[in-house]
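Nothing in this text is a laboratory measurement; each read-out follows from the coordinates by a stated rule. These numbers were taken from a predicted model, which means no experiment stands behind them. Don't worry about glycine lacking a Cβ; one is built from the backbone with ideal geometry, like all the others, and counts go over all protein chains shown.
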Amino acid sequence: MKKLFSLFALCAVALVACNPEDEPFTPDPEFKLTSEANVLFDADGGDGKITFTLHYAAEGQGVTAEADVDWITNVAVSDKVVNYIVKANDSEDVREGKITLKHDIYTLNVNVKQQGKAGNEPGPGPEPGDKYDVEYIANYINGGYYGGEAGSYNYFFSMSKNGQPGDGYVNYDSDYYFFDAYSDIAVGTGSIVLAQGVYEFDANNTGAAGTFGAEYSYYISIDAQGNQDMKAITGGTLTVTNDKIEAVITLEDNTVHHVVYTGSLELGYPQEVISNLTEDYEINIQTGYAVGECYGDYYGVGSNNWMIYLYADAEDPFNGEFILLELLGGSTTSYAGTYTALTDASTAYEGTFLPGEFDGEDLYYSWLTTMTEGEVGSGVLAPMVEGEIIVADDVDKDGNPIVTVQFDCYDDAGNNIFGVFKGISEVYYEEETYMASANQKHAKRKALFNADASKSVKVIR
């Protein structure tokens, strides 16, 4: 099939051995946060951590960090991490500060907000004399990000003792609290991290920022035989701070539950890591060879399907780094543009790349790998599952078409795949050849565009 690479097998293609003769493409420094830009601490304060990436650093320039308030102390920069301490707030007032990271002329800001001692910021902290019907300590959070429009972004997640084995699945002999939360903070680059803030119960399911909706927020208990007991949440408050989630909620049986989780705010589900990378990986290809094949609206989603094959060396294409991309663009003559990973939260197909997948034998969609004598997967093997790809067309001094591809992606182990590919470009339009057999698409590919995005628990494991 057209978009399928068998691991360790690749058919030979005829290539023209030629190299771009222009100066190597050197990008500007890439300085980005990989943690939240807005953090919330309770009155007790605690330790904080900021993570960032820096690629193509300015010569002789490192990263510095400083806070603009004296209650944020011990600000220290180490390898891609800024550690700091927030002192306890003994006043009743909410206070705000800022930590600024600097590299050369570039700056990144992290806003730090801390609740007052009396809890003037709305939250579920117990008051003297409060009594809860259920005290529950959660060990796991699982969930995903459903996107949204400017000002309101949807996070759907669970808190539990045993965790979820996968999206839409729960374990026997377990109980779960599900929350359909909406924030004014969108997911950034990299992993999905639950946005910090205070969320109030919304019986009308407005999807407004600072709320969690009634429709998909509930408690469910599963016994050892798989029998389910589900109860709706009818009121309450959910507070997410730097390393803690605390909820005080009322269920439809009028019981009040106090649910607390402490730990990382990263969401997701357990999955086998495919990538064999153990650290970030830089692509630096300046004399490559690129083949782009357009298959028209192959998936029937209103976007043109492009298969891109990037070879590291135009003189010796079947050895060295090899990059496979599947893009959804607007043109049938060029795949220039900016592409982000296609997810359940994507609102459009055009301008996306399909994240890499592996079924035990074949590579699908977008991959960084190594080719040895035409065999794929003999060295590096890493799916590109998140991030951004930017493609630009150009010509060299002799008028030959050139393509430049910039990567800022992540594999399924969280390693940053970044850098630049530049090489001679060839483009083909293959719609007539392949659309006739479109009904023979691989089932996995069809499923990608017809996935059930329901937030309900559908299957019990």
Relative contact order for the stretch 30-114, counting Cα pairs under 8 Å that sit 6 or more residues apart, in percent: 37 percent
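So, counting K/R as plus one and D/E as minus one, what does the shell of residues with Cβ under 15 Å around ASP68 add up to? The partial results should precede the final answer.
On the way: positive: LYS87, ARG95, LYS98, LYS102, LYS113; negative: GLU66, ASP70, GLU96.
Charge balance in the 15 Å sphere: +2.
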Quick one: which of LYS32/LYS244; LYS102/LYS244; LYS102/LYS161; LYS80/LYS422; LYS32/LYS113 span more than 31 angstrom between C-alpha atoms? LYS102/LYS161
Take peptides 109-116, 97-104 and line them up by average Cβ neighbours within 10 Å, highest first, as a rough protection proxy. 109-116, 97-104
Less than 13 Å apart at the alpha-carbon level, and either on another chain or at least 8 residues along: which aspartates and glutamates does that give for LYS98? GLU36, GLU66, ASP68, ASP70
Can you bin the stretch 275-449 into rounded, prolate or oblate? Criterion: square roots of the alpha carbon gyration tensor eigenvalues sorted a ≥ b ≥ c, rounded for a/c under 1.5, prolate for a/b above b/c, oblate for the rest. rounded
Neighbour-count ranking [beta-carbon atoms within 10 angstrom, fewest first] of ASP362, ASP68: ASP68, ASP362
Please list, ordered by chain and number, the residues whose modelled amide H lies under 5 Å from the amide H of PHE322; skip anything fewer than 5 residues away on the same chain. THR369, THR370, MET371
From the phi of every residue in the stretch 29-46, what ³J(HN,Hα) in whole Hz does the Karplus formula 6.51 cos²θ - 1.76 cosθ + 1.60 yield, where θ is phi - 60° and glycine or proline is x? x, 10, 10, 9, 6, 10, 10, 5, 8, 10, 10, 10, 10, 7, 5, 6, x, x
